[in-house]
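Heads up, the thing below is written out as structure tokens.
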Amino acid sequence: MRRSRFLLALTALAVMSGIGAARALTPISPEQLLCDANTIFVGRAIEASPARRRPDAQDANGVDLTIMVRRVIGRKELSGGPTPVLAPGDRIKAYALASVSPYPAVGRFDEKAGLAFVGPYDSLVPETDLVQAYKAEDFIYAAHLAPGVRSFVRTWPLDQEDWVRKTTASYARMGTPCSSLL
């Protein structure tokens, strides 16, 4: 009986203070992040600079990239215009977002398909570390390409290519648009 009175009092207090039930946020899966893109490719950043240098920068750990395409894994046409077609050797202007967490167990990539760094939340990654991390090796990039626009890219390690191929094939079998494998 005491518990029910306590819960009733707590509910009344929440209502009086304007606290309501919070809407549950649905997490976005890595598969959804991948399939949101219209082009998936392997590439290497040949130029990188912290986006914080731009006057319109909003993300402290964003990186402006010029990526050289090594090979294209898949692409899909979107409504509203043709998807640019990439070929090996092409260069695209892109933007990526890195994250910072105090927990080294996060690994090299975060849950939003970006590079992860260890440090206090909301801290700035040193510019040289940020630039070198993206220029150091080839990655799998998932981009929403549009003509003449700097594209936002998600980043995965090369060892995830089998997962990328299986994911796109699985979505295709379900009739859900994802990049078509090339």
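State whether the residues of the stretch 138-152 include one that is touching an Asp or Glu at 6+ places or on another chain (Cβ under 8 Å), closer than 26 Å to Ala87 by Cβ and among the polar types (S, T, N, Q). No, because not a single residue in the stretch 138-152 is touching an Asp or Glu at 6+ places or on another chain (Cβ under 8 Å), closer than 26 Å to Ala87 by Cβ and among the polar types (S, T, N, Q).
Arg154 satisfies every condition listed in (1) of a type outside the set (A, V, I, L, M, F, W, C); (2) part of a helix (DSSP H, G or I); (3) at pLDDT 90 or above except (2).
Of the numbered criteria (1) modelled with pLDDT of 75 or more; (2) farther than 30 Å from Ala142 by Cβ; (3) not aromatic (Phe, Trp, Tyr), the one Ser17 fails is (1).
Pull up the stretch 150-177, narrow it to residues that are surrounded by 13 or more Cβ atoms within 10 Å (Cβ to Cβ) and aliphatic (A, V, I, L, M), then point me to the one that is farthest from Ala98 (Cα to Cα). Per the criteria, the residue is Ala172. The single condition from (1) closer than 29 Å to Thr176 by Cβ; (2) free of Cβ contacts under 8 Å to residues at least 60 places away in the same chain; (3) not aliphatic (A, V, I, L, M) that Gly62 fails is (1). Looking at Thr66, is it over 28 Å from Tyr171 (Cβ atoms), exposed (fewer than 13 other Cβ atoms within 10 Å of the Cβ) and among the β-branched types (Val, Ile, Thr)? For Thr66, the condition - over 28 Å from Tyr171 (Cβ atoms), exposed (fewer than 13 other Cβ atoms within 10 Å of the Cβ) and among the β-branched types (Val, Ile, Thr) - is not met.
Here Ser101 fits the description: over 20 Å from Ala57 (Cβ atoms), without any contact (Cβ under 8 Å) to a residue 60 or more places away in the chain and polar (S, T, N, Q). Residues in the stretch 119-140 that are of a type in the set (Gly, Ala, Ser) and under 21 Å from Gly43 (Cβ atoms) were compared, and the one that is surrounded by the most Cβ atoms within 10 Å (Cβ to Cβ) is Ala133.
The values are calculated or read from the model by the stated rules, or taken from the named source; none is laboratory data. Since the model is a prediction, treat every value here as computed from it, not as a measurement. Cβ: placed from backbone, ideal geometry, glycine included. Neighbour counts: every protein chain shown.
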